[in-house]
Amino acid sequence: MHDELLDKALKLKGYGSDKSLTCKDKGLLEKEKKVDKNLTVKPKVITCLNEYIDFIGSLDFSYKNPVFYRGQGNANFPINPSSLRNNPKNENLMIESFYRRFSSEIDSCSTDMARLVLMQHFGLGTRALDISESPLAALYFACSPMKKFCQNREEEMSNWGEIVLFRNPEKDKPENQKPIHSNTVSILSSTAFMEEQFSLWKLGMEWKKDNNYMREEKYINLKDIIRSSVIVRVPQDNQRIKNQQGAFILVNANEVYALSENKKYAEKLTDYILNTDYTTFDDLMNDKIWQNRFSKGDTWELEFKKIKPYSGENHNQIFDIDPFDLRKLYYRDDNDIQQVVLVPPGEIKKNIIKELRKFNITEDFIYPDMDNVAHEIMENINKE
């Protein structure tokens, strides 16, 4: 049974659908797939809760360097934040529309990251990817479409589920896991409040709102703006986040759009920033190659444009492969092979949901809102 299921699983995104993928060692139950020269994926197909628990027990993690999980009901979905999935120019429009209706609630938040968390909590798509420190919560997400969000439950149940694992790649260097008040988190979250095209100066004005000190935007790490992803553990200040053991991956992906009125060197500057360990605007002004590309040396001269992930419209190919630099966060084993879990559709999903119910992992636990709990109570009692 597992061989047949695995053959089907390998046809999913990243596991066999692309013609460039090649299967290694077909005699193995767990087959490896080469997505590109930098990433090998080894899917683990599970058919019951016990198999999943055994897999989790085999992982290498600690309190200081935990594993985070993202469960999704359709394994063919790309790992993209919803606000940047289709049209990045809509990100700021959605935020503005939401703000007009709930300005007092949003203004009560002290930082842009806190505002994004609030919006995400109420279902608005943001640039924050939901992840969890609970493997059981992630398994539930992979198996059960949320009734309050699902239009066709049976159709959703017919898809393969997927659980993607994330972890800080450097055990002794926690730079990819940031506290909510860190400078990097502030920059990434502030970018969400920018229009499709924005200057470093304008981003700096938004970024300064999060800080209690005056610091010039010319010292912002430009790589955080160009391409970045960080794991953020947020305060568990509501019951939903507590139950889900929720956290986020905050992402950024932008190209340099123009240097003053000169767009000729924008693409080259994007590449330069991506391939330099640390670059600020101040560094550019002290660099003989770049200092003469700006007419006045003011931060408003450096402009960025939000990119559409995996689009041929992007000038730099890296935005078509790994736009947010997420792959650095994928959990990999000692052989540098990415670990993912796949759940077959239909009855296997339904049986796992029943098994999770025995441990009180249910929809009203995952979403403990009053209306959701009421709906779950009625449904359970009427079944008996």
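The values are calculated or read from the model by the stated rules, or taken from the named source; none is laboratory data. The shown structure was predicted, so the numbers you read here are calculated from the model rather than taken from an experiment. For neighbour counting, all protein chains shown are included, and Cβ atoms are generated from backbone atoms with ideal geometry for every residue, glycine included. Each accessible area value is taken on the protein alone, full model and side chains, heavy atoms only, with ligands, DNA and RNA left out. Shrake-Rupley method; radii C 1.70, N 1.55, O 1.52, S 1.80 Å.
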Check your understanding: Quick one: accessible area per residue over segment 241-383, 1.4 Å probe, rounded to a whole number of Å²?
Key -> 51 Å²
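Check each of the GluC sites (Glu not before Pro) in segment 284-335 and keep only those in coil by DSSP with at most 13 other C-beta atoms within 10 angstrom; list them in order. Mind dumping the intermediate values first?
Values: sites: Glu301, Glu303, Glu313; in loops: Glu313.
Those that pass, being in a loop and sparsely packed, are Glu313.
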**Study point:** In segment 57-141, the trypsin sites (Lys or Arg not before Pro) that fall in loop regions by DSSP, at most 11 other Cβ within 10 Å
**Key:** Lys64
Study note, to complete from the structure: Around Phe102 (Cβ within 12 Å, Cβ-to-Cβ, excluding Phe102; K/R +1, D/E -1) the net charge comes to 0
Review point. Could you give the nm distance between label points at Leu93 and Asn275, where each point is 7 Å from its Cα heading toward the beta carbon?
Key: 3.6 nm
Exercise for review: Work out the length of the dipole vector of segment 240-295 about its Cα centre, built from +1 on the beta-carbon of each Lys and Arg and -1 on the beta-carbon of each Asp and Glu, and round it to the nearest 20 debye.
Suggested key: 300 debye
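So which GluC sites (Glu not before Pro) in segment 185-294 pass both tests, a DSSP loop state and at most 11 other Cβ atoms within 10 Å of the Cβ?
Details: sites: Glu195, Glu196, Glu206, Glu216, Glu217, Glu255, Glu261, Glu267; in loops: Glu195, Glu196, Glu216, Glu261.
Listed in order of number, the matching sites are Glu261.
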Study note, to complete from the structure: XL table Lys202/Lys264; Lys264/Lys288; Lys208/Lys288; Lys178/Lys263; Lys208/Lys263; Lys328/Lys350; Cα-Cα > 25 Å flagged, in table order, is Lys208/Lys288; Lys178/Lys263; Lys208/Lys263; Lys328/Lys350
Study note, to complete from the structure: In the neighbourhood of Ala114 defined by beta carbon distances under 15 Å, the net charge of the other residues (Lys, Arg +1; Asp, Glu -1) is -1
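Decide, for segment 232-384, between rounded, prolate and oblate: order the square roots of the alpha carbon gyration tensor eigenvalues as a ≥ b ≥ c, take rounded if a/c falls under 1.5, and otherwise choose prolate if a/b is larger than b/c, else oblate.
Working: a/c = 3.24, a/b = 2.50, b/c = 1.30.
Note, shape of segment 232-384 comes out prolate.
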Check your understanding: How would you classify segment 42-88 from its alpha-carbon gyration tensor, with a ≥ b ≥ c the square roots of the eigenvalues: rounded for a/c under 1.5, else prolate if a/b is greater than b/c, otherwise oblate?
Key -> oblate
Study note, to complete from the structure: Between the modelled labels at Glu267 and Asp60 (7 Å from Cα along Cα→Cβ) the distance in nm is 4.1 nm
Practice item. Would you pull out the residues with amide H under 5 Å of Ala247's amide H, same chain only if 5 or more places away, H placed 1.01 Å from N? Key: Ile131, Ser132, Glu133
Check your understanding: So what's the net charge close to Ser82: Lys and Arg +1, Asp and Glu -1, counting the other residues with Cβ under 15 Å from its Cβ?
Key -> +4
Practice item. For Glu51 and Asn286, compute 0.36 nm times the residue count separating them, minus their Cα-Cα distance, and round to one decimal in nm. Key: 78.9 nm
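Between rounded, prolate and oblate, where does segment 293-344 land on the alpha carbon gyration tensor, with a ≥ b ≥ c its root eigenvalues, rounded for a/c under 1.5, else prolate if a/b exceeds b/c?
Working: a/c = 3.87, a/b = 2.45, b/c = 1.58.
Prolate, because a/c is 1.5 or more and a/b exceeds b/c.
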